[in-house]
Amino acid sequence: MGAYIQFRNITKKFGGTTALNQVSFDIQEGEIHCLCGENGAGKSTLINLCGGIFQPTEGQIFIGGKPVVIKTVEQSEKLGISIVHQEIPLCLNMTIAENIFLNRKEAVKGLFLDKKYMNEEAAKLLKRFQLNLKPTQLVEELSIAEQSIIQIAKAVYYKPKILILDEPTAALTDDQRDVMYAVVRELVKTQKTTVLYVSHRLEECMELGDRATILRDGCFITTRDIKDLTMDDIVTLMVGRKIDRSKKRESYVRDEVLMEVKHFTKKRQFEDVSFQLKKGEILGLAGFVGAGRTEVLTAIFGANRPDSGELYLEGKKVNVKSPADAIRHRISMIPENRRDDGLIASMSVQQNAQMVVLDKIKNGIFLNKKKSDALMTKMTSDYLIKAGNPSNPIFTLSGGNQQKVVIARWIANHPSILLCDEPTRGIDVGAKDEIYGILRKIASKGIGIVIVSSELPELISLCDRILVMHEGKITGEVGGDEATEAGIMRYAAALKDDYQYADE
Amino acid sequence: MKEKLKSFRELGVICVLIALIILLTIARPVFISPTNFINVVRQTVQIGIMAVGMTFLIISGEMDLSVGSIFGTTGMLAATLYKSNVNPTVAFLVAILVGCAIGLLNGILVTKTKIPAFIATLGTMKIFRSVAYAISGGQSISVFPESVMNSWVFKMGGSLGPIPIQIFIMAVIFVVAGIVLAKTETGYNMYATGGNPKAANLVGINTDRVKIMGFIISGAVSALAAMISIAYLGSVPTTAGEGREMDVIAAVILGGASLSGGRGTMLGTFIGAMIISVVKNGMVLLSVPVFWQDGFIGVVLILAVLLDTVMHRKDSRG
Ligand SMILES: Nc1ncnc2c1ncn2[C@@H]1O[C@H](COP(=O)(O)OP(=O)(O)OP(=O)(O)O)[C@@H](O)[C@H]1O
Ligand SMILES: [Mg+2]
């Protein structure tokens with residue numbers, strides 16, 4: 001086995017920022033190679049160089065011993081490279097099958113697209129990924145988890161020589177992830193596919209990877225065999241110092257009820273959902289994708305009107321008709337999908353960060369540049385946002401840093417209730433702890449927090465109480481202290497006997 | 001510094017404008033004479049004022065094809081009222097309010113019934129063109145009573161020293177609009193609405209209200225442009241404002257706004273409007289047949305937008 005992909009002295013500069021600095025390492029044929037690093041370390045940039053999105057400022061990539069120049073996405077595909085990018089670029093207005101065969105010759109018969117062939121092949125693929133969807137469904141109807149699986153499926157379908165996955169599991173549940181593992185392992189075994197894998201869930205790297213390369217601030221640190229590493233080793237290498245991940249959970253729950261959801265029902269989304277949130281409480285919502293968690297959150301926030309049900313804030317019945325109403329009642333929501341629902345691509349980092357806090361930077365009717373800059377500086381340091389120049393467009397930030405901007409914005413709004421939907425999607429270990437710390441701190445001030453997360457360890461370490469949903473209904477409740485992954489999963493799957501116990 | 005210059009979005013169009021001015025001055029030195037140049041700026045007023053409303057709208061992700069018809073309808077309406085000796089101030093206000101009302105109608109059609117702006121305003125464009133003809137009976141309207149001609153409404157067509165008053169009006173409108181757009185929450189909300197309506201809605205911006213406001217402003221400034229035009233010309237031609245919408249949209253796009261929303265500035269739009277009147281004036285000076293005017297504006301439009309994409313491709317691709 002020799003080096004299959006070689007990076008030699010790769011440097012990539014964006015104006016003043018150096019995203020990659022003289023990076024050299026090798027990936028061997030048929031291995032699963034993990035790429036680890038903090039937010040903004042340069043992982044996606046390296047991948048974009050392989051995908052023909054950017055060209056290196058300096059340096060050379062070799063594939064199979066030959067120097068290659070990858071100027072376009074097409075050239076990258078010709079080299080047998082298939083990439084699942086961090087942000088999902090699917091055509092929302094097209095069907096699953098159409099997306100899978102987008103710009104592909106396989107489905108073209110003469111002048112026409114062979115719809116039957118496309119749908120049959122897509123159906124097989126969906127089955128392989130255990131997705132209960134029809135090939136003719138529109139992508140916009142799918143959850144983000146399903147969209148990311150479609151992305152992975154699309155990449156795998158063409159039997160690539162090199163498969164690159166940039167945080168493919170950020171939105172997936174454990175089950176979906178296991179299915180993906182199986183597919184990737186099969187590709188490696190049967191076709192000697194070489195895999196480059198990026199994930200902030202280090203346990204995935206430990207489980208799946210053969211070797212890992214660590215980047216820090218755009219520089220190559222080391223490449224090691226995974227079996228010689230522990231997760232703590234990787235973290236230390238990534239951050240360049242030891243971090244303490246064993247912070248103990250404290251509870252700040254007070255007696256006053258902050259919010260009460262009563263009998264929220266919406267056809268085909270959720271049914272008779274009722275719960276209370278106390279001041280200072282961190283309440284988790286667990287369940288599989290499609291269990292209706294996001295729908296419930298958006299219903300509280302006024303972005304998705306329930307068919308029936310009532311919402312009480314501090315004992316008073318309120319009618320939240322729109323997100324603007326919710327914000328007036330001091331409710332914040334960090335949405336699940338930062339690109340579509342959180343960020344405005346045409347605006348700068350600073351403008352995006354200060355979207356809901358304009359009142360705090362106004363002098364009379366005018367927005368004040370000084371106040372705005374001061375607030376930005378504070379946000380960047382509180383949330384460890386790595387942004388060269390805050391007046392650059394938001395898309396120049398790495399994925400994790402974009403997510404931090406969304407979080408910073410909503411907490412700066414001083415909510416009394418904070419709804420979070422997968423708040424740490426794409427955020428690195430160090431910054432995750434920082435954000436957990438911030439959430440605990442605002443909880444200690446009496447703010448109530450509801451968190452939807454597919455990462456059970458996150459919920460278990462953070463929440464005072466966890467509600468589990470299954471097919472739109474709350475099927476169980478576990479206290480934060482006695483919560484275990486297995487216990488939660490049982491409710492989430494609504495296993496028969498436990499279900500009955502839960503009702504008693 | 002270089003970074004700063006690069007992020008200065010209007011740079012491209014400013015270059016185009018300066019190049020045009022230099023070329024025209026070389027070909028016809030009279031172009032740069034104060035009289036002619038003031039005339040060029042005055043010719044910018046109509047398109048410029050209407051383009052202010054269009055800029056708000058295009059930034060918010062919408063557009064308004066009915067501005068020319070609003071110009072026609074409100075112009076004919078005011079002229080008829082002037083002729084029947086209604087108090088000129090009242091006539092003026094009625095015309096502006098009718099402009100606002102048509103804007104409101106456009107806004108409601110687009111936001112509440114979800115008809116795309118292109119179609120909704122194409123519809124109202126046709127409707128109010130007919131209304132304009134109906135008001136005037138298909139005739140042009142001119143010769144107004146003495147009392148009206150002496151009122152402040154007609155002073156808008158006059159001059160202050162060598163400079164037409166309408167230039168001052170345009171300047172004030174551009175400055176106020178520029179400040180609103182760049183420095184207030186209203187402007188911010190417009191950029192957000194055009195940039196990503198879903199996300200804007202989720203941060204609590206009432207995107208429907210932002211758009212309706214844009215349509216109302218667009219209707220109001222179109223009516224104002226009509227009032228200035230009557231005051232200056234002393235008449236309203238039968239086809240007043242016909243085809244104007246395309247010049248107005250061209251000015252906004254020349255100025256760097258994006259039809260997909262979220263991008264654009266008032267300075268850019270002003271330069272865009274200037275380019276159009278410089279081209280028109282230049283063609284006359286060079287005695288190029290009038291029918292070439294539109295063609296040449298088309299060429300400049302495509303070249304300027306091309307220049308803009310080339311200059312800014314870098315930062316989006318790395
Ligand atoms: N188009 C761009 N223009 C300017 N700077 C950019 C651009 N793309 C990335 N950068 C910068 O390059 C650096 C590396 O970004 P990259 O996206 O590679 O990080 P990453 O390792 O993938 O992080 P994450 O884990 O958050 O996804 C960041 O500082 C980012 O701000
Ligand atoms: Mg990334």
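Just so you know, all these numbers are worked out from the coordinates, no wet-lab data involved. Every value quoted in this text rests on a predicted model; they were computed, and no experiment measured them. Methodologically, a virtual Cβ is constructed for each residue, glycine included, from the backbone with ideal geometry; neighbour enumeration extends over all protein chains shown.
Evaluate E = 1/(1 + (r/R0)^6) for B:THR80 and B:ILE302, where r is the Cβ-Cβ distance and R0 equals 35 Å; express this FRET efficiency to the nearest 0.05. The computed FRET efficiency comes out at 0.30. Global dimensions of the range A:161-204 from alpha-carbon coordinates: Rg and Dmax equal 10.5, 27 Å.
When you filter the trypsin sites (Lys or Arg not before Pro) in the range A:396-504 for DSSP loop state and at most 16 other Cβ atoms inside 10 Å of their Cβ, you are left with A:LYS445.
What's the FRET efficiency of A:ASP272 with A:LYS321 using the Cβ-Cβ distance as r and R₀ = 30 Å, to the nearest 0.05? Rounded to the nearest 0.05, the efficiency is 0.90.
Screening chain B for DSSP H helices whose Cα atoms reach 18 Å or more along their own axis and whose mean Kyte hydropathy is at least 0.0 gives B:11-27, B:34-59, B:67-83, B:88-112, B:117-136, B:165-183, B:207-233, B:266-285, B:292-317. For the protein assembly as shown, the dipole from Cβ point charges (+1 on Lys and Arg, -1 on Asp and Glu) about the Cα centre works out to 2280 debye, to the nearest 20. With all pairs of separate Cα atoms included, the range A:265-409 yields a Kirkwood hydrodynamic radius of 17.2 Å. Indicate the gyration tensor shape class of the range B:174-318 (rounded, prolate or oblate), computed on the Cα atoms with a ≥ b ≥ c the square roots of the eigenvalues: a/c under 1.5 is rounded; otherwise a/b larger than b/c is prolate and the rest oblate. Oblate.
Expressed as a fraction of 2.2 N^0.38 Å, the value expected for a compact globular protein of N residues, the C-alpha radius of gyration of the range A:344-413 is 1.01. For the range A:270-311, the extents of the C-alpha atoms along the principal axes are 28, 25, 18 Å, listed from largest to smallest. Across chain B, Cα pairs under 8 Å and at least six residues apart give a relative contact order of 34 percent. Estimated from helices alone, the mean residue ellipticity of chain B at 222 nm is -25000 deg cm²/dmol (sum of -39500 (n - 2.57) over DSSP H runs with n ≥ 4, per residue). If you take the alpha carbon atoms of the range A:397-442 and fit the smallest convex hull around them, that volume is 66 Å³ per residue.
Between A:SER381 and B:VAL175, the simple label model (points 7 Å from Cα in the Cβ direction) yields a spacing of 3.9 nm. Does anyone have the angle between helix A:399-412 and the longest principal axis of chain A? Alpha-carbon axes, 0 to 90°, nearest 10? Long axis of A:399-412 versus the principal axis of chain A: about 10 degrees.
Above 29 Å, the calculated P(r) of the range A:1-158 contains 30 percent of its Cα-Cα pairs. Mean projected area of the Cα convex hull of chain A, taken over all directions, amounts to 25.5 nm². Treating each Cα of the range B:95-161 as one equal point scatterer and applying the Debye formula with no solvent, the log10 of I(q)/I(0) at q = 0.11, 0.13, 0.16 Å⁻¹ comes out as -0.45, -0.59, -0.76. For the range B:5-73, the spread of Cα coordinates along the three principal axes comes to 39, 38, 15 Å, biggest extent given first.
Convex hull volume per residue, computed on the Cα atoms of the range B:21-156, equals 155 Å³. For the protein assembly as shown, A:CYS36, A:CYS50, A:CYS91, A:CYS219, A:CYS420, A:CYS463, B:CYS15, B:CYS100 have no disulfide-compatible partner, since no other Cys C-beta lies under 4.7 Å from theirs. Helix A:144-157 and the long axis of chain A differ in direction by around 10°, with both axes built from C-alpha atoms.
In this rough spin-label picture, where each label sits 7 Å from Cα along the Cβ direction, the A:ASP225-A:ASP255 distance is 6.1 nm. Go ahead and collect, in residue order, the members of the range A:27-64 whose backbone nitrogen is under 15 Å from a label point 7 Å along the Cα-Cβ direction of A:ALA182. Residues passing the 15 Å test: none.
Considering only A:THR169, A:LEU202, A:THR190, and ranking their Cα positions along the charge dipole of the range A:155-213 that arises from unit charges at the beta-carbon of Lys, Arg, Asp and Glu, the one farthest toward the positive end is A:THR190. Here the gap between B:ILE119 and B:THR186, fully extended at 0.36 nm per residue and compared with their Cα-Cα distance, gives a gain of 21.5 nm. When the P(r) is computed for the range B:112-246, the part past 21 Å accounts for 58% of the Cα-Cα pairs. The alpha carbon centroids of the range A:350-428 and the range B:145-224 are separated by 30 Å. Computed over the range A:86-189, the Cα gyration tensor eigenvalues convert (square root of 5λ each) into semi-axes of 22, 16, 12 Å, ordered from largest to smallest. Expressed in units of 2.2 N^0.38 Å, where N is the residue count, the Cα radius of gyration of the range B:238-316 is 1.19.
On full extension, the segment bounded by A:LYS105 and A:ASN304 gains 67.6 nm, given 0.36 nm per residue less the C-alpha separation.
Each of B:PHE144, A:PRO423, A:GLY292 was scored by the projection of its Cα onto the charge dipole of the protein assembly as shown, and the greatest displacement toward the positive side belongs to B:PHE144; charges sit on the C-beta of Lys, Arg, Asp and Glu. For the range B:202-271, a crude dipole built from +1 on the beta carbon of Lys and Arg and -1 on the beta carbon of Asp and Glu, taken about the Cα centre, is about 200 debye to the nearest 20.
In the range A:1-94, the ratio of gyration radius to Kirkwood radius, Rg to Rh, stands at 0.97 when only Cα atoms are counted. Converting the Cα gyration tensor eigenvalues of the range A:51-98 into ellipsoid dimensions via √(5λ) gives semi-axes, longest first, of 27, 12, 8 Å.
Would you be so kind as to identify which of B:GLY195, B:ALA231, B:VAL16 lies farthest towards the positive end of the dipole of chain B, taking Lys and Arg as +1 and Asp and Glu as -1 on Cβ and the Cα centre as origin? Working it through, the farthest residue towards the positive pole turns out to be B:GLY195. Angle of helix A:115-128 to the longest C-alpha principal axis of chain A, folded into 0 to 90 degrees and rounded to 10: 70°.
Computed from the alpha carbon positions, the gyration tensor of chain B leads to an equivalent ellipsoid with semi-axes of 31, 27, 17 Å, biggest first.
Restricting the calculation to Cα atoms, every distinct pair contributes to the Kirkwood radius of the range B:180-243, found to be 13.9 Å. The mean number of Cβ atoms from other chains found within 10 Å of a Cβ in peptide B:193-199 is 6, as a whole number. Dividing the Cα radius of gyration of the range A:203-329 by its Kirkwood radius returns 1.19 for Rg/Rh.
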